[in-house]
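The values are calculated or read from the model by the stated rules, or taken from the named source; none is laboratory data. Note that the structure is predicted; figures quoted are calculated from it, not measured. Cβ sites come from the backbone with ideal geometry, for glycine too, and all protein chains shown count toward neighbours.
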Amino acid sequence: GSYDASYDGDEDSHGATQSTPRAGGTYSYDYSYDEVHSVRAWAPRREPGCGCSGYSNAHGYGSSCKAWESHLDPRQVPWCYVSAACGAPDVRRGSYSEAYLDCTPVRDPRPATARRLSTARGRRYLLYYLPYDDTPCVTGPASSCASRYYEAGDSYESRGSRHFRRRAKALAGRAGWRSRVARARVAQFEARTEKDAFHPMEVAASAAETEAVRARCAASRRPALVWAEGRRYPIRMLDRLPLRWLGRGVAPPNATAFRGEASRGEFFVFQLGVHAPLRPLQLLPSWTGLAMGGRPATRSSSGGGSSGSGSGSSASS
């Protein structure tokens, strides 16, 4: 599974965040997970023989510090070709067998707080919070296979992921860390199949939202709340309220209703979720006969269908 968190704003061609130009041609880039910084420009390396050589390949790339091939690598840092005499440990050779290096960011010398306030927005992150083995099914489509989720420490995890986790854990241990990082909003949730999805029934209401429900029930002396749910979204959480229910609102006492359409011969399924916000309750449910159009819905004497209309009729209980 993954969720896509994005910032409002624009993203430049090599995957870094780029803000509106400020006075003096300053742009804001962010290549850090836990520290936000501003980059004024990109400069050639200062090691002997490691400055931009001026050479450009057949496509005209590589003569100066620029993210030349961003369409091939969206996360590319500005780079340029360098002399073969460059001895930098991170020198690499590209498809034209020429040595090249990433350029050096020239950061804004202003205090960190000022830099944080001018941070550009628009960057997008895909966070894989439950990786799984996507080996194809042998006997059927992928949707019919049970997902085998990886355990922590399995070989799927990249070195970059482990490094990110260490940095994030260290940052979260500092006082006031929330004020040092940019805020993101969740744009969407994705899952291998709808059956594997946590959204919407396993996205829980916040503690503050749950407390507001409890306070409202205490004030109105309502010992239980009932939500009716169709069969598409199975009720999975037994100790938390789904945000989906609170978004639909709380029905007045004894007013919860569920309506749906059943096809001829169908075993029609629906669910009732009961929440006891004040104290534990023992439920003793009872059921009346099925009604259709305000009249009892019974089998006909011939045993074929109901006494009301046929396929597609509406029934409520």
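Only one entry in G273, G247, G260 is modelled with pLDDT of 90 or more and among the small types (G, A, S), namely G273. Looking at P89, is it within 22 Å of Y61 (Cα to Cα) and modelled with pLDDT of 65 or more? Judged against the criteria, P89 is not a match.
Would you confirm whether or not the range 229-241 contains a residue that is of a type outside the set (D, E, K, R) and not in a loop (DSSP other than H, G, I, E, B)? No, because not a single residue in the range 229-241 is of a type outside the set (D, E, K, R) and not in a loop (DSSP other than H, G, I, E, B). Pairing each residue of the range 154-171 that is over 16 Å from L127 (Cα atoms) with any residue that is modelled with pLDDT of 75 or more, provided the two are 6+ apart or on different chains, yields C-beta distances under 8 Å for L171/W177; L171/R180; L171/V181. With the requirement that a residue be among the small types (G, A, S), more than 20 Å from P242 (Cα to Cα) and either part of a loop (DSSP other than H, G, I, E, B) or in contact with an Asp or Glu (Cβ under 9 Å, 6 or more places away or on another chain) (or both), what does the range 256-284 give you? Those that are among the small types (G, A, S), more than 20 Å from P242 (Cα to Cα) and either part of a loop (DSSP other than H, G, I, E, B) or in contact with an Asp or Glu (Cβ under 9 Å, 6 or more places away or on another chain) (or both): A262, S263, G265.
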